[in-house]
Amino acid sequence: MTFQRFAAAAAFLLLSSPAHAHLDPASHGSFAAGFTHPVFGLDHVLAMIAVGLWAALIGGKAIWALPSAFVGLMIAGFGLSLLGIHVPLVEPVILASVVALGALVALAARFALLPSALLVGVFGFFHGHAHGGEIGGAGELGYAAGFVAATALLHAAGVLIGYGAKVGLGPETRRGELATRFLGGVTALCGLALMAA
C-alpha cells in the first residue's frame, strides 16, 4: 500500500461520520443508544481514534494505559453526570481534546506514561459527562456498556491504524510514523473546523 493510498483511506475514515441522530433507546435498546452516541459524534470519533494513534506512537505500556485511562475517567464523568453534578465547559473541552490529541500525534509527543495517561483521562472525563447528559430514557448500565464498547473499538482502530502505518508502509518505520503524524494533523485541523462551525 502506498503512502498516498494509506493517507487517503485514513483521512476518509477520520472525516466520515454517520448522518443519523442518536438512537432512541425505547426502539433500539439502551446498549445500542449508548454505542451510537460516540460513533455518531465526529468529535468523539476523532478524539477516541487519536488516543489510539498516540498510544501506538508511544508504544509499550501506553498501548493499554492511555485507552484505559480514557475509559476509566469517562465512566467517572458519566457517573457525575447521572448524579446531576454540573461540570462547566464540557463541549468546549471535548472540542479542545480533538485539537490537542491530534496535535500530540502530529508532533509525535512522547511524555512519561503517567502524565500522558492523566491528560488522556481528563479528556475522557469530559466525554463521559457528555454521554451522561444525553442518556435520555436509556437504562444506565446498558447505555454505559454501549458507549464503553464503542470507545474501546475506536481506541483499537487508532492503535491498528498506527501499527498498520508502521507495517504497511515499507521497512522504514520512519515513513509509517510520518503517516500517523499526518493523521494527527488532519485530526487537529478537523477539531479546529468543528470549533469554528
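When the test is whether a residue is surrounded by fewer than 21 Cβ atoms within 10 Å (Cβ to Cβ), free of Cβ contacts under 8 Å to residues at least 40 places away in the same chain and within 22 Å of Met195 (Cβ to Cβ), Pro115 does not pass it. Screening Ala76 with (1) under 16 Å from the mean Cα position of the chain (by Cα); (2) under 14 Å from Gly124 (Cβ atoms); (3) of a type outside the set (Asp, Glu) gives one miss only, at (1).
Considering the stretch 137-189, and only residues there that are at pLDDT 95 or above and among the polar types (S, T, N, Q), the residue that is nearest to Val99 (Cα to Cα) turns out to be Thr187.
Those helices (runs of 4 or more DSSP H) of the stretch 77-191 in which at least 1 residues are among the hydrophobic types (A, V, I, L, M, F, W, C) and touching a Leu at 6+ places or on another chain (Cβ under 6 Å), considering only elements entirely within it, cover 90-106, 113-133. Checked against the criterion of being at pLDDT 95 or above and on the phi > 0 side of the Ramachandran plot, the stretch 98-106 contains not a single residue that satisfies it. Leu73: among the hydrophobic types (A, V, I, L, M, F, W, C) and either closer than 12 Å to Pro38 by Cα or loosely packed, with under 15 Cβ neighbours inside 10 Å (or both), yes or no? Criteria not met by Leu73. Comparison of Phe35, Phe31 shows that the only residue that is of a type in the set (A, V, I, L, M, F, W, C), surrounded by 23 or more Cβ atoms within 10 Å (Cβ to Cβ) and over 12 Å from the mean Cα position of the chain (by Cα) is Phe35.
The values are calculated or read from the model by the stated rules, or taken from the named source; none is laboratory data. All values derive from a computational prediction rather than experimental measurement. Because the Cβ atoms are built from the backbone with ideal geometry, glycine has one as well, and the counts that use them run over all protein chains shown.
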